[in-house]
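Trainee: Before I ask anything, here is the structure I am working with.
Quick note: the coordinates plus some simple rules give every number you see, no bench work behind them. Keep in mind that this is a model prediction, so the values were computed, not measured. No Cβ is skipped: glycine too gets one built from the backbone with ideal geometry, and neighbour counts run over all protein chains shown.
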Amino acid sequence: MKKGALLLLLVLFFLNTGAQSFFYFEARPDTLNQTLAPYKIFLSIEANNNATGRILYTNPISNDVKLVELQFIDSAITATSVSDSVIKRYLFPKGAPKYLSGKADSLFFIPRIVFVKITDSLGSYYEPQTVEFKSNNRQWQAAASITKEQKTFEELVKNKEFVKRFYRDGEPFYDYLGALNKRGLNANELSVTFYFIAIAATNDASVGSLAKKDLAKMTDLFTNLTQQIKINFVPILITGESFNKLNVDRVIDSLKPKSIDIVFFYFSGHGFRYNGDVSKYPRMSFRVSKLQLRAEINLGVEDVYKRLLAKKARVTIVVGDCCNERLGASSPFGLDILRPRDPGTAGLKLNIDNAKKLFFPSQPLSIIIGSASANQLAVGNPDLGSFFTNYFQAELKNVLYSNTAKASWWNIIKLADESTNYRSKSALCNQTPNEDGRCIQKAERKVMPLQ
């Protein structure tokens with residue numbers, strides 16, 4: 001490594017895609033008054049797009065090596081730079097550095113990471129462009145030089161000694177690099193069937209682009225999960241030209257799960273509520289033409305929940321990601337969020353214990369979720385999909401593919417709801433706005449029994 005180079009190793013746990021992204025950077029800060037020893041950083045982007053960095057830093061005067069932890073926050077709702085068709089996103093430092101070894105140091109340079117939006121045949125994503133540092137005059141200055149390369153999780157597993165510079169034995173991340181519990185399912189669990197009923201308004205002119213992305217994320221998640229745990233997966237997709245109330249009613253009426261099975265109903269599309277509705281949950285709209293009467297082509301999320309609950313499967317989950325506002329309200333779009341390119345799932349390890357706790361409970365489990373509370377709109381972004389679906393599947397993956405997250409449905413929904421509420425503020429709403437006219441979106445949910 002060149003003398004004076006600033007080494008930045010950014011480990012991006014981007015769980016919105018179901019994989020982890022790893023980047024290696026070498027950079028030199030633009031400073032004239034001192035020569036800095038290499039900084040070395042592990043940065044993990046969480047499911048809510050905020051991040052934690054662990055930084056090995058050497059004081060330029062004493063030569064003391066210190067391990068510093070720094071929190072970062074995605075700029076998705078606060079700052080988007082657009083210049084010459086270039087869209088930038090930042091990971092800003094949040095709060096003061098925490099010194100895990102060594103004393104606080106006034107000579108430590110605070111970094112922020114700059115990402116640029118890329119659109120190619122794979123879709124759109126954010127690629128790290130450079131690192132900037134807060135100089136002595138409190139201004140952000142770009143690194144004088146920077147190189148980078150992408151690494152895989154599998155490569156880190158093979159090089160745990162390198163990771164050990166930042167994480168010690170017994171810490172959750174380092175333990176995750178080792179072998180997780182290898183136990184599989186028992187004979188009774190292996191006979192479980194997972195019914196996934198997915199309804200998506202993919203042909204709709206206004207929300208179709210979101211619904212397509214929502215459908216792909218949820219379907220991929222459960223396809224991969226059921227393949228890994230080796231249980232029967234029955235996806236029932238009602239999309240495109242088949243998107244109508246009659247087909248949904250037929251599927252629900254004909255469904256005959258065993259008492260040990262899993263039934264997961266998911267809807268992405270338009271939703272609404274009548275002024276006199278008692279249920280806190282929205283109605284799902286199947287209207288594709290102005291000639292159709294809404295009263296004849298909608299289904300209440302809570303009504304579907306009750307119908308499926310009567311089937312007496314072991315696990316019954318109903319999710320409606322749609323607006324819950326009066327008729328005629330339009331779905332708002334918020335800003336995109338920081339999304340690195342997905343390098344694939346090489347080396348990812350399923351936490352079988354967490355999977356069993358969520359999908360193979362000892363007693364019957366039922367969950368109902370409406371992504372927006374009464375008189376609220378559901379926010380999304382055409383490049384990303386619906387915010388709630390994005391964060392819900394991200395938090396679920398975080399539990400399934402790590403040993404750091406709490407295996408609790410209530411916690412998964414709570415974290416997804418908090419992230420959705422935060423990101424919804426990047427959109428402007430005429431309905432139930434906050435003080436500056438930005439959207440408020442809070443999920444309605446129930447988990448029985450609470451876990």
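Trainee: Hey, can you rank 309-316, 393-400, 333-340, 443-450 by average C-beta count inside 10 Å, highest first? Let's see the in-between values first.
Mentor: Working: 309-316: 18.4, 393-400: 24.1, 333-340: 22.1, 443-450: 16.5.
The packing order, highest mean first, is 393-400, 333-340, 309-316, 443-450.
Trainee: Calculate, in nm to one decimal, what LEU350 and LYS312 gain on full extension: separation in residues at 0.36 nm each, minus their alpha carbon distance. Display every interim value, and only then the final one.
Mentor: Values: separation 38, 0.36 × 38 = 13.68 nm, distance 2.77 nm.
Roughly 10.9 nm would be gained on extension.
Trainee: A further question on this structure: Can you give me the C-alpha center-to-center distance between segment 383-409 and segment 239-306, rounded to a whole angstrom?
Mentor: Comparing the Cα centres of segment 383-409 and segment 239-306, I get a distance of 24 Å.
Trainee: Please report how far the C-alpha centroid of segment 155-176 lies from that of segment 49-70, rounded to the nearest whole angstrom.
Mentor: 17
Trainee: Is the shape of segment 128-224 rounded, prolate or oblate, going by the alpha carbon gyration tensor and its root eigenvalues a ≥ b ≥ c, with a/c under 1.5 for rounded and a/b larger than b/c for prolate?
Mentor: oblate
Trainee: Taking the alpha-carbon distance from LYS414 and a cut-off under 14 Å, which aspartates and glutamates remain once sequence neighbours fewer than 8 residues away in the same chain are dropped?
Mentor: GLU395, GLU444
Trainee: Right, another one. Points 7 angstrom from Cα along the Cβ direction at GLN228 and LEU327: gap in nanometres?
Mentor: Label-label distance for GLN228 and LEU327, simple model: 4.5 nm.
Trainee: Related question: Can you tell me the FRET efficiency between LYS103 and ASN247 if r is taken as the Cβ-Cβ distance and R0 is 45 Å, rounded to the nearest 0.05?
Mentor: Details: r = 66 Å, r/R0 = 1.46.
With a Förster radius of 45 Å, E is 0.10.
Trainee: Just to be sure I understand the model, the point goes 7 Å from the Cα along the line to the Cβ. What's the resulting ALA205 to ASN430 distance in nm?
Mentor: It works out to 1.7 nm between the two label points.
Trainee: Cα-Cα over 20 Å: which of LYS258/LYS356; LYS245/LYS446; LYS94/LYS134; LYS40/LYS164; LYS66/LYS98?
Mentor: Details: LYS258/LYS356 18 Å; LYS245/LYS446 24 Å; LYS94/LYS134 13 Å; LYS40/LYS164 12 Å; LYS66/LYS98 10 Å.
Among LYS258/LYS356; LYS245/LYS446; LYS94/LYS134; LYS40/LYS164; LYS66/LYS98, the Cα-Cα distance tops 20 Å for LYS245/LYS446.
Trainee: Next question, about the same structure. If R₀ is 35 angstrom, what is the calculated FRET efficiency for the pair LYS148 and LYS414, using the beta carbon separation as r and rounding to 0.05?
Mentor: Details: r = 35 Å, r/R0 = 1.00.
Using R0 = 35 Å, I get an efficiency of 0.50.
Trainee: Could you give the radius of gyration (one decimal) and Dmax (whole number) of the Cα atoms in segment 187-448, in Å?
Mentor: For segment 187-448, the Cα radius of gyration and maximum Cα-Cα distance read 17.7, 56 Å.
Trainee: Which of the peptides 98-110, 222-234 is most tightly packed, and how do the rest follow, going by the mean number of other Cβ atoms within 10 Å of each residue? Show your work: numbers first, answer last.
Mentor: Numbers: 98-110: 13.5, 222-234: 16.4.
By packing density, highest mean first, the sequence is 222-234, 98-110.
Trainee: Evaluate the relative contact order of segment 187-448 (contact order divided by residue number), counting alpha-carbon pairs under 8 angstrom at least 6 apart; express in whole percent. Spell out each step's value before the answer.
Mentor: Working: 542 pairs, mean separation 51.8, N = 262.
Once normalised by length, the contact order is 20 percent.
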